Amino acid sequence: MRFKFPLMAIGLEVAMIVLFGLFVQYETDETLLQQPNSTKSTDVARFLELYPLFQDVHVMIFAGFGFLMTFLKKYGFSSVGINLLIAALGLQWGTLIQGILHSHTQKINIGIKNMINADFSTATVLISFGAVLGKISPLQMLMMTIIEITVFAVNEHLVAEMFMATDIGASMTIHAFGAYFGLAVAAVLYRPGLRRGHDNEESVYHSDLFAMIGTLFLWIFWPSFNSAIAEAGDKQYRAIVNTYFSLAACVLAAYAFSSLVEHRGKLDMVHIQNATLAGGVAVGTCADMAIHPYMSMVIGSLAGIISVLGFKFLTPLFATKLRIQDTCGVHNLHGLPGMLGGLAGIAAVALGASDVSTPAMQAAALGSSIGTAVAGGLITGLILKLPIWGQPPDEYCYDDSVFWEVPRWREHDSHFYEHQGHNHLEPEP
């Protein structure tokens, strides 16, 4: 078991290098000059123009998602570390599989939109990772990344090329897909031994604070996520503005309902870390449409409300009745708001906010995203359930020390802070 992970990681990277050598080239290679209206200078100019948006998305993928999942008190190394591992593999495989599906030439020409879309494909896996956080091994995550990005790319191709649906901020193809794929995997990998919870499946003050850092990164950069591949001009402008106000409205609604549903009107940090982002998810599908800023605020408010209600009432129900242990509550941040975004897109198209799709095609895209995600997740879960992947036993779930060298800090001693006059932690002797 010791050698399986390094051998698989090295094997996958060697495969990526070979495939890149065979199929990938710079967008500015001489072959592009054979295409109409294409020059090296214009390609490079467009690349540099969109590079700041790419960097924003990159921060979301590597810092935002990673730190958002650090709320578990003994699982911070894995939350940030495996996030980096998944994203690094995913962006390479996403470049290849999406390039194969969308390229009309023998080579995949790497431009800025290819890099943005590669990051988008990794976001799907990182969302699903949240559903099984703390319960599976790094080896399982490598396999899940390869399978899920493949299924994601096929569905995204169907939505964009076959249904001709619009989903610029990927409410359906990334958020809803990633959530329901992860939930399906979690359902297959259900652990009866965890049905009453686990001592490590909780946060402490500083772990919640780290998770809030991830929330802030995601919240700040979400307008870039929803506008990065929008058509330059009015559509990209609207995508930024609509996301900006949807997020702002979502925060107020999330805070209000968190206070409303909690004991004595106090705020719940889980709600604040997650539900405040739901507006960015829900407005994604129609972000570039002419829906007016007030409608984006309505969508954001509704997203914040349903996300809080989902955390309060649906997550416990899923765990006890449906046998789905959703560690990060991805159903409430990505699943429900993603469905809301899909429905908002259908309504917006029906009301004439966009002329590039039809309500039927939008509905088909939503159905395809959820159906493909569930089917792909169930199959992936069955593969990951095989006893060859080094899945940790129940007693060692949500614990970094299973897969990491962990310093033996005395932070677990509740009396340490009370009786020591130090402002830092010292290792055990």
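Some values worked out for this structure:
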item: Test: Ser103 is buried (at least 21 other Cβ atoms within 10 Å of the Cβ), hydroxyl-bearing (Ser, Thr, Tyr) and out of contact with any Cys (no Cβ under 7 Å at 6 or more places or on another chain); result: no
item: The one condition in (1) surrounded by fewer than 18 Cβ atoms within 10 Å (Cβ to Cβ); (2) under 25 Å from Ala239 (Cβ atoms) that Pro223 fails to fulfil; result: (1)
item: Test: residue in region 178-197 that is among the hydrophobic types (A, V, I, L, M, F, W, C) and not in a helix (DSSP H, G or I); result: yes
item: Top-ranked residue in region 200-220 [being out of contact with any Phe, Trp or Tyr (no Cβ under 6 Å at 6 or more places or on another chain) and open to solvent by less than 40 Å² (accessible area, probe 1.4 Å); ranked as farthest from Met60 (Cα to Cα)]; result: Met212
item: Residue among Met115, Met143, Met162 that alone is without any contact (Cβ under 8 Å) to a residue 40 or more places away in the chain and open to solvent by 10 Å² or more (accessible area, probe 1.4 Å); result: Met162
item: Residue in region 88-98 that is in contact with a Gly (Cβ under 7 Å, 6 or more places away or on another chain) and over 30 Å from Lys73 (Cβ atoms) present; result: no
item: Search result, residues across region 57-85 that are surrounded by fewer than 22 Cβ atoms within 10 Å (Cβ to Cβ), out of contact with any Gly (no Cβ under 9 Å at 6 or more places or on another chain) and over 21 Å from Tyr398 (Cβ atoms); result: His58, Val59, Phe62
item: Residue in region 246-253 that is aliphatic (A, V, I, L, M), under 17 Å from the mean Cα position of the chain (by Cα), assigned to a helix (DSSP H, G or I) and surrounded by fewer than 24 Cβ atoms within 10 Å (Cβ to Cβ) present; result: no
item: Residue identified as part of a helix (DSSP H, G or I) and open to solvent by 60 Å² or more (accessible area, probe 1.4 Å) among Leu260, Leu267; result: Leu260
item: Check on Tyr398, of a type in the set (Phe, Trp, Tyr), within 30 Å of Gly304 (Cβ to Cβ) and either touching a Gly at 6+ places or on another chain (Cβ under 7 Å) or at pLDDT below 95 (or both); result: yes
item: Criterion violated by Lys113 - all others in (1) assigned to a loop (DSSP other than H, G, I, E, B); (2) basic (Lys, Arg); (3) out of contact with any Lys or Arg (no Cβ under 7 Å at 6 or more places or on another chain) satisfied; result: (1)
item: Selected residue [within 14 Å of the chain's Cα centre (by Cα) and within 30 Å of Pro407 (Cα to Cα)] from Gly134, Gly90, Gly81, Gly76; result: Gly90
item: Complete set of residues in region 308-338 that are polar (S, T, N, Q), open to solvent by 10 Å² or more (accessible area, probe 1.4 Å) and in a helix (DSSP H, G or I); result: Thr315, Thr320
item: Filter result for the condition that a residue is in contact with a Pro (Cβ under 7 Å, 6 or more places away or on another chain), open to solvent by 30 Å² or more (accessible area, probe 1.4 Å), part of a helix (DSSP H, G or I) and modelled with pLDDT of 95 or more, over Ile305, Ile346; result: Ile346
item: Residue check for Ala373: at pLDDT 95 or above and either touching a Lys or Arg at 6+ places or on another chain (Cβ under 8 Å) or open to solvent by 60 Å² or more (accessible area, probe 1.4 Å) (or both); result: no
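Every residue, every condition in (1) touching a helix residue (DSSP H, G or I) at 6+ places or on another chain (Cβ under 6 Å); (2) buried (at least 22 other Cβ atoms within 10 Å of the Cβ); (3) without any contact (Cβ under 8 Å) to a residue 40 or more places away in the chain, yes or no:
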site: Leu133; (1), (2), (3): no, yes, no
site: Glu148; (1), (2), (3): yes, yes, no
site: His157; (1), (2), (3): yes, no, no
site: Asp167; (1), (2), (3): yes, yes, no
site: Ala176; (1), (2), (3): yes, yes, no
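The values are calculated or read from the model by the stated rules, or taken from the named source; none is laboratory data. Because the structure is a prediction, the values reported are computed rather than measured. Cβ coordinates were reconstructed from backbone atoms using ideal geometry, including for glycine residues, and neighbour counts include every protein chain displayed. Please note that ligands, DNA and RNA were not included when accessible areas were found on the heavy atoms of the full protein model with its side chains. Shrake-Rupley method; radii C 1.70, N 1.55, O 1.52, S 1.80 Å.
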